[in-house]
Amino acid sequence: MRTLKLLLQKELIQIVRDPSILRLLFIMPMVQLLIMPLAADYEIKKINLGVVDHDHTQYSQRLVDKIISSGYFRLKDYSPTFPKALQAIASDKTDLVLEIPTHFERDLIQENKAPLLVSIDAINGIKAGLGGAYIQQIIQEYNQDVRDQWLQTPRFNPQPTIEVTFSDWYNPNMNYKVFMVPGILVMLLTIIGSSFAANNIVREKEMGTIEQINVSPIKKWQFILGKLIPFWILAMGVLTFGLIIARLVYGIVPVGHYIDIYIFAAIYLLAILGFGLLLSTYAQTQQQSFIVSFFITMILNLLSGLFTPIESMPQWAQIITKFNPITYFIEVMRMVMLKGSGLADIKSQIFAILGFAVFFNTWAILNYRKRSG
């Protein structure tokens, strides 16, 4: 234990003497946590709308007014013909064109139906999908308003009526930041833990002290723990600062207990730091270890379910997520912070991360002297 204590003192002194490490550990993730939830937002407003109105009636004008008043669209082009409206899309003036045909009002009143054409700039797939969904919902509401105005309901209706009431649980206001901030915090912890741990042993190689450590009576597990524990403590501090920012800036207060988050985070950081140390036993330079660590963690972040639902991924990608520790932490953060889940609810994720922690750290210990000596 005395040997391990001395190793920990050595590592902490090295960290304190290098102010750039502390700046990167605390200032960089805090700035990212303040900016990324504001930028990474799937709720799109102010979609540029183009209109081609061949009808010029009260009904067509009411439809356009209803779309604009929704707050999701702004009228940027009013073309007399459809080809000119397409030119506005081609020049990035508009994102979507609504063409209202001739006799729109007459067909809607007399025949109870009228066609509409919606043309969308689909270069940005997410924006196109959301814009199309928004305008479709608005048109459906407009259609229902017209039906309520013109259709006379009989006093006795023999047809059964089904009334559907929607209730949004866990995030009733559909606040995108409440959903994203816990996941972004996990991503930042992962990048910090893996990249700094990956440079740890490599720094000893570049400084020329690795040979002295190799010939000393220090055991492999003591050396690995001496490298792991200081960054584990610092990463838990980063998590604390992140949770404070989530509460003070975004008003996100966990429905569950903070202690559940810290218990899982403690195990998760053992796994991700062990993964970083494993990479450092193979790398020969800090630049090499950083590039490899960044490359792998970036792929794992993209396949974690942070930005894209796992259910919408291809089958092969869904299989990879089962072997991705980030997936489990993001899932747990959202369960505890939004649903109020406890340790009993996340026990399967705890066992999975324990498996990752044992696997990565055991591999790092076994591989240390073989590759680094």
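The values are calculated or read from the model by the stated rules, or taken from the named source; none is laboratory data. These figures come from a predicted structure and were not determined experimentally. As a convention, Cβ positions derive from the backbone with ideal geometry for all residues, glycine included, and neighbour counts pool all protein chains shown. For the accessible areas, the whole protein counts, side chains as well, though only heavy atoms, and no ligand, DNA or RNA atoms are used. Shrake-Rupley method; radii C 1.70, N 1.55, O 1.52, S 1.80 Å.
For the range 286-316, a residue qualifies if it is among the polar types (S, T, N, Q) and under 18 Å from G193 (Cα atoms), and the qualifying residues are Q286, Q287, Q288, S289, S293, T297, N301, S304.
Only one of the numbered conditions (1) in contact with a Phe, Trp or Tyr (Cβ under 9 Å, 6 or more places away or on another chain); (2) modelled with pLDDT of 80 or more; (3) under 30 Å from K177 (Cβ atoms); (4) not in a helix (DSSP H, G or I) is violated by L33, and that is (4). For S293, indicate whether it is closer than 29 Å to F179 by Cα, in a helix (DSSP H, G or I) and among the polar types (S, T, N, Q). Taking the combined requirement at face value, the residue satisfies it.
When residues of the range 299-320 are filtered for being assigned to a helix (DSSP H, G or I) and without any contact (Cβ under 8 Å) to a residue 24 or more places away in the chain, how many remain?
Residues in the range 299-320 being assigned to a helix (DSSP H, G or I) and without any contact (Cβ under 8 Å) to a residue 24 or more places away in the chain: 11 in total.
Do the conditions hold for F323, that is, is it open to solvent by 50 Å² or more (accessible area, probe 1.4 Å), farther than 20 Å from Y170 by Cβ and in a helix (DSSP H, G or I)? No; evaluated as a whole, the condition is false for this residue. Considering only the range 118-144, state which residues are touching a helix residue (DSSP H, G or I) at 6+ places or on another chain (Cβ under 8 Å) and in contact (Cβ under 8 Å) with a residue 24 or more places away in the chain. S119, I120, D121, I135, I138, I139, E141, Y142 - these are the residues of the range 118-144 that are touching a helix residue (DSSP H, G or I) at 6+ places or on another chain (Cβ under 8 Å) and in contact (Cβ under 8 Å) with a residue 24 or more places away in the chain.
So which of L366, L270, L354, L302 ends up being on the phi < 0 side of the Ramachandran plot and either of a type in the set (S, T, N, Q) or buried (at least 18 other Cβ atoms within 10 Å of the Cβ) (or both)? Every option except L270 fails the conditions.
Residues in the range 93-109 that are among the charged types (D, E, K, R) and modelled with pLDDT of 85 or more were compared, and the one that is farthest from V64 (Cα to Cα) is K93. Could you run through the range 118-140 and say how many residues are closer than 16 Å to Y59 by Cβ, loosely packed, with under 13 Cβ neighbours inside 10 Å and of a type outside the set (S, T, N, Q)? Of the residues in that region, 0 qualify.
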